[in-house]
Amino acid sequence: MTMCNRSYLKRGAIAKTYLKLGVFIFCCVCSATIQAQQDGFQFVQKATWFETMLAIKKNEKPGERPAAERKNHPDPYRVALWNFLRARFNAPGDMLEMSWEEADSIWYFADKGFSFQQLGNHYVKGLQKSANERGVDINVMQKVFRNARDIQKIRRQYIDSKKKEYVVLTPPPVDSPKINIARLLGARPNHPVFFKIPVTGKLPIYIKILQMPRGCRYDSSSGSLAGIVKKKGDYPFTIIAANSVGSDTVRVNLRVGDNIALTPPMGWSSWNSFGSDVTANDIRNVADIMVNTGLVNYGWSYVNIDDCWMKRPSFKDPVFAIRDGLTDKFEAKENLRIRLSRMRFNENELVGQVRDSVGNILSNKDFPDMRKLTEYIHSKGLKAGIYTSPGHVTCQNYIGSYGHELQDAAQFASWGFDYLKYDWCGYSLLTADKTLPSLKIPYQVMQNALKQVKRDIVYSICQYGMGDVWKWGAEVGGNLWRTTSDIRDTWKSVYEIGFTMHGKEKYACPGHWNDPDQLVVGYVGWSKHTRPTYLTPNEQYTQMSLWSLLAAPLFIGADLTKMDDFTLGLLTNAEVIAINQDSLGVQASRVLEKGNVQVWKKALSSGEVAIGIFNVGEEPVVFDLSFEEIGLSGEWMVRDVWKQKDILWGATGYGAKINRHGVVLLKLHSGR
């Protein structure tokens, strides 16, 4: 039997499991409305997701559930069950409720089987957890749960408390213009210059540029500074934005030299939302949404395509005969993808010729015209990013760049891409050597290839921090480098990735950034089955605040088609983003650690200081900070950055109650 047939047989076995689950769920759904009245529900014409889940769990028998089911290691049955419910009940309110109840293990009954008492106990525990998250006390009087009516009562308290966690701190934008561009831009001589001028305010807004760098122009159709500057040097210029309400003026420096990405790149990437199922239509839609929601007006610039835009090599492709054992490694990787449900929806249609007769890489049928795609993205004032691997194949077993690095770099430039994520993943099939010279080689090869193209392409090194990449990433041309493995939407993942950045700050500077991976806020899912993040609102504020202090690249991983007011508030706070985009390019340092409280400090180009006070513990805490403890003497004006509000004048310290996994983000200005 061929490897290909074996793989698809395994997929067939999984499909049968899902089919059996579907039949079982269908029966439960049909019985949900019948059981509703006798269990205490008010009859409704169509069962809710809660009624459906209740019917399913009541029909389960402990011995029938998969033995592999564990709270922290969900088996395919549980994953399929939640996916089924999300597909059927996809209203925003339903999606949030399901995400909360899944994260709080409300419907997990271990080996004891379903009981109303146990379900009620789970809701009580979830309510207490939510109250703790909000920093409030709550006394639950209800202790006995005999039927669905009792469950509905405690569940309403739980849902009401969860909703109150979502507090939008960012004020709405004012009508007068506000220019949100980074104050330092970077380009190479004789390469195209293209920078959107992001502005908020009441439309229409008129833009004027004074001391325009020679060779540049203002492209009003995309709202961008465009052109070519021939000579190295600093080119300061002034932007004026005006409307019927007022005006704003900023001074910006275009630095033409060897370095680009002089402030951390900001944008969106496809993997955490679409996974392997991404298409060109999805990318166009995201570009439209970034404009329509106003994200582009806050500096979010890149629209990046991750894996699976290219074709898949056949198992008979000559590339697999190059190295002994490569086919076996490929098969093992393929089986892992099947187990993790990472197979693309039309994957078997994309197998075939991966390069043309002269070796140029081919995009698959879902990306029919890459040049037209980047032109569309650029027409919105946005930039385009692409993905490949130094291996024969990518992480998802699509064709990689091995042996074609120069051709691929030239092709990416010809298509009009502005960013390249270069993922080690597929290269691991070629070598097990993790010595420093071996780790550097594939990135040096692509570095040399990118140097030969006449386009600025931001170079993102993705190899998960191996060999302390932050110490040598700049040496191989990296503008940013991933410091760890992939992030997930859990507190454990955010904590272990974000708060371990202490000590790496000396390796970050304009043009070279430590990358702790994407923002896991909003709707994520690593496939088209997206769902609200498992991070609590406090944890989402913490990630955005910490990443901004760290001068980390800011990439949204969320499904933007499901943008909500809370997530939009997280992503459109101009003052938070300004800390990240500060032209000094300093990564924050941890300057104080007391119990479960950490204080991080970042110097700003204005002479001000940004401070993040984080509660990484499991309980709310009242914390008093003397500024002298973190090396700041004298009196300071204190501004709450999220609320964009001055709160103290002539202060020598600050005190506040900080909720579980929460943050206070401050900006300090010396003097009264």
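Starting from region 479-492, keep only residues that are farther than 27 Å from Asp456 by Cα and modelled with pLDDT of 95 or more, then list their pairs with residues that are in a loop (DSSP other than H, G, I, E, B) and among the polar types (S, T, N, Q) whose Cβ atoms are within a distance under 7 Å, requiring at least 6 positions of separation or different chains.
Short answer, once both residue conditions are applied: Ile487/Gln518; Asp489/Thr533.
Go over the candidates Pro516, Pro553 one by one and state the one that is more than 20 Å from Trp100 (Cβ to Cβ), out of contact with any Cys (no Cβ under 9 Å at 6 or more places or on another chain), without any contact (Cβ under 8 Å) to a residue 40 or more places away in the chain and open to solvent by less than 10 Å² (accessible area, probe 1.4 Å).
Exactly one residue qualifies, and that residue is Pro516.
Residues Lys112, Lys143, Lys178, Lys153: which one is closer than 25 Å to Glu619 by Cα and among the basic types (Lys, Arg)?
When all the criteria are applied, what remains is Lys143.
Only residues that are assigned to a loop (DSSP other than H, G, I, E, B) and under 19 Å from Thr394 (Cβ atoms): list them for region 460-477, please.
Result: Gln463, Tyr464, Met466.
Quick one: is Gly522 closer than 30 Å to Leu450 by Cα and crowded, with 20+ Cβ neighbours inside 10 Å?
Here the answer is no, as Gly522 does not meet what is asked.
Could you tell me how many of the residues in region 177-206 are outside any loop (DSSP other than H, G, I, E, B), of a type outside the set (Val, Ile, Thr) and either open to solvent by 40 Å² or more (accessible area, probe 1.4 Å) or within 24 Å of Thr572 (Cβ to Cβ) (or both)?
Number of matching residues: 8.
Given the criteria within 17 Å of Thr263 (Cα to Cα) and either within 14 Å of the chain's Cα centre (by Cα) or at pLDDT below 95 (or both), does Ala474 qualify?
no
Please verify whether region 298-315 includes one or more residues that are assigned to a loop (DSSP other than H, G, I, E, B), out of contact with any Lys or Arg (no Cβ under 9 Å at 6 or more places or on another chain) and modelled with pLDDT under 80.
Yes: one or more hits.
What is the residue count in region 446-459 for residues that are under 28 Å from the mean Cα position of the chain (by Cα) and free of Cβ contacts under 8 Å to residues at least 60 places away in the same chain?
Result for region 446-459: 5.
State which residue is nearest to Phe50 (Cα to Cα) when the search covers only region 126-177 and only residues that are acidic (Asp, Glu) and under 27 Å from the mean Cα position of the chain (by Cα).
Glu165
Just to check your reading of the model, which residue among Ala241, Ala287 is in a strand (DSSP E or B) and either of a type in the set (Gly, Ala, Ser) or closer than 25 Å to Ser389 by Cα (or both)?
Ala241
Of the residues that make up region 131-145, is at least one surrounded by 14 or more Cβ atoms within 10 Å (Cβ to Cβ), in contact (Cβ under 8 Å) with a residue 40 or more places away in the chain and polar (S, T, N, Q)?
The answer is yes, given that some residue of region 131-145 is surrounded by 14 or more Cβ atoms within 10 Å (Cβ to Cβ), in contact (Cβ under 8 Å) with a residue 40 or more places away in the chain and polar (S, T, N, Q).
What number of residues within region 92-107 satisfy the criterion of being small (Gly, Ala, Ser), modelled with pLDDT of 95 or more and assigned to a loop (DSSP other than H, G, I, E, B)?
Final tally of qualifying residues: 0.
With Gly403, Gly467, Gly477, Gly385 as the choices, which residue is over 14 Å from Met310 (Cβ atoms) and surrounded by 19 or more Cβ atoms within 10 Å (Cβ to Cβ)?
None of the other options fit; the residue is Gly385.
Of the residues that make up region 192-199, is at least one aliphatic (A, V, I, L, M), more than 26 Å from Asp564 (Cα to Cα), touching a residue at least 12 places away in the same chain (Cβ under 8 Å) and in contact with a Lys or Arg (Cβ under 9 Å, 6 or more places away or on another chain)?
No, region 192-199 contains no residue that is aliphatic (A, V, I, L, M), more than 26 Å from Asp564 (Cα to Cα), touching a residue at least 12 places away in the same chain (Cβ under 8 Å) and in contact with a Lys or Arg (Cβ under 9 Å, 6 or more places away or on another chain).
I'd like to know if region 319-333 contains one or more residues that are surrounded by 22 or more Cβ atoms within 10 Å (Cβ to Cβ) and either at pLDDT below 95 or among the small types (Gly, Ala, Ser) (or both).
No, that holds for no residue.
The values are calculated or read from the model by the stated rules, or taken from the named source; none is laboratory data. Small disclaimer: the values here were computed from a predicted structure and weren't measured. Backbone-built Cβ (ideal geometry, glycine too); neighbour counts: all protein chains shown. Heavy atoms of the whole protein, side chains included, go into the accessibility calculation; ligands, DNA and RNA do not. Shrake-Rupley method; radii C 1.70, N 1.55, O 1.52, S 1.80 Å.
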